1. From the set of residues in region 130-182 that are part of a loop (DSSP other than H, G, I, E, B) and either charged (D, E, K, R) or in contact with a Ser or Thr (Cβ under 6 Å, 6 or more places away or on another chain) (or both), which is surrounded by the fewest Cβ atoms within 10 Å (Cβ to Cβ)?
2. Output the qualifying pairs, or none if there are none: Cβ atoms under 8 angstrom, residues six or more apart or on different chains, first residue in region 151-166 and under 25 Å from LEU119 (Cα atoms) and among the basic types (Lys, Arg), second residue at pLDDT below 95 and part of a loop (DSSP other than H, G, I, E, B).
3. Look through region 91-105, keep the residues that are among the small types (Gly, Ala, Ser) and within 19 Å of THR168 (Cβ to Cβ), and return whichever of them is least open to solvent (accessible area, probe 1.4 Å).
4. Can you name the number of the only condition in (1) surrounded by 12 or more Cβ atoms within 10 Å (Cβ to Cβ); (2) modelled with pLDDT under 90 that GLU57 fails?
5. Under 7 Å by Cβ, and 6 or more places apart or on different chains, what pairs join a residue from region 33-47 that is on the phi > 0 side of the Ramachandran plot with one that is of a type outside the set (D, E, K, R) and open to solvent by less than 50 Å² (accessible area, probe 1.4 Å)?
6. Hey, does region 73-82 have a residue that's closer than 30 Å to GLU179 by Cβ, open to solvent by less than 70 Å² (accessible area, probe 1.4 Å) and small (Gly, Ala, Ser)?
7. Quick one: would you say VAL28 is part of a helix (DSSP H, G or I), open to solvent by less than 20 Å² (accessible area, probe 1.4 Å) and of a type outside the set (Asp, Glu)?
8. Which is under 18 Å from the mean Cα position of the chain (by Cα) and open to solvent by 70 Å² or more (accessible area, probe 1.4 Å), of THR88, THR14, THR36?
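The values are calculated or read from the model by the stated rules, or taken from the named source; none is laboratory data. Quantities reported herein were computed from a predicted structural model and do not represent experimental measurements. When we count neighbours, we look across all protein chains shown, and the Cβ atoms used for this are built from the backbone with ideal geometry, even at glycine. For accessibility, only protein heavy atoms count, side chains too; no ligands or nucleic acids. Shrake-Rupley method; radii C 1.70, N 1.55, O 1.52, S 1.80 Å.
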Amino acid sequence: MTGILLIDKPEGMTSFVAAARVRRMTGVKKTGHTGTLDPMATGVLPVLLGGATRFCELLPSHDKAYIASLRLGTVTDTLDITGEVLETREVNASRADFESALQSFSGTIEQVPPMYSALKVNGKKLYELAREGIEIERKARTVHFYEISILEVKLPLVRMEVTCSKGTYIRTLCHDIGEKLG
């Protein structure tokens, strides 16, 4: 069997495990996914089957869309709700402050990938280093935000829809927005 399956990846499952499950269910010897979704993320994960896996690098780098929730005033080691809380801060920002802060993330920007990510450095995933207590300097990468729309504001929570380029870290965006707001 050769082709592409679009699966709805559930929360708590890694992209690797999702592709492995497809491999077991279909009996295909080779599967691969087109990009890592965080285990806590849900959504569409394209899984390549059989001979289609060798075309992964040739597939166009399409833009992505996410719906994300941001909790202002809480800083974690992983930059998401699964991490250990490192700091809490009082939230004094208003919706207008939030909207103003978003403007600096419009268009092309440089974004530093989080330590807790599947990005490899010298053959080792960053999250493996982070779990060992090792933090290394990461190079910023160019990403593009096409649109960031506020869906709901119930401070300290903000729900937003983000349309961005491949390789963008939504966790980093949320962290950076929080830092901008203090």
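1. To start, the set of residues in region 130-182 that are part of a loop (DSSP other than H, G, I, E, B) comprises 132-140, 155-156, 165-169, 182.
With either charged (D, E, K, R) or in contact with a Ser or Thr (Cβ under 6 Å, 6 or more places away or on another chain) (or both) added as a condition, the list becomes 132, 135, 137-139, 166.
Numbers: GLU132: 9, GLU135: 11, GLU137: 6, ARG138: 15, LYS139: 9, LYS166: 13.
So, considering only residues that are part of a loop (DSSP other than H, G, I, E, B) and either charged (D, E, K, R) or in contact with a Ser or Thr (Cβ under 6 Å, 6 or more places away or on another chain) (or both), the one surrounded by the fewest Cβ atoms within 10 Å (Cβ to Cβ) is GLU137.
2. Once the first residue is under 25 Å from LEU119 (Cα atoms) and among the basic types (Lys, Arg) and sits in region 151-166, its partners that are at pLDDT below 95 and part of a loop (DSSP other than H, G, I, E, B) give LYS166/GLY35; LYS166/SER61; LYS166/HIS62; LYS166/ASP63.
3. By that ranking, first place goes to ALA101.
4. (1)
5. GLY43/LEU37
6. Start the filter on region 73-82 by keeping residues that are closer than 30 Å to GLU179 by Cβ, which leaves 73-82.
Now drop any that are not open to solvent by less than 70 Å² (accessible area, probe 1.4 Å), which leaves 73-80.
Add one more test, that the residue is small (Gly, Ala, Ser), and what stays is 73.
There is at least one residue in region 73-82 that is closer than 30 Å to GLU179 by Cβ, open to solvent by less than 70 Å² (accessible area, probe 1.4 Å) and small (Gly, Ala, Ser).
7. On the way: part of a helix (DSSP H, G or I): no; open to solvent by less than 20 Å² (accessible area, probe 1.4 Å): yes; of a type outside the set (Asp, Glu): yes.
The answer is no for VAL28.
8. THR36
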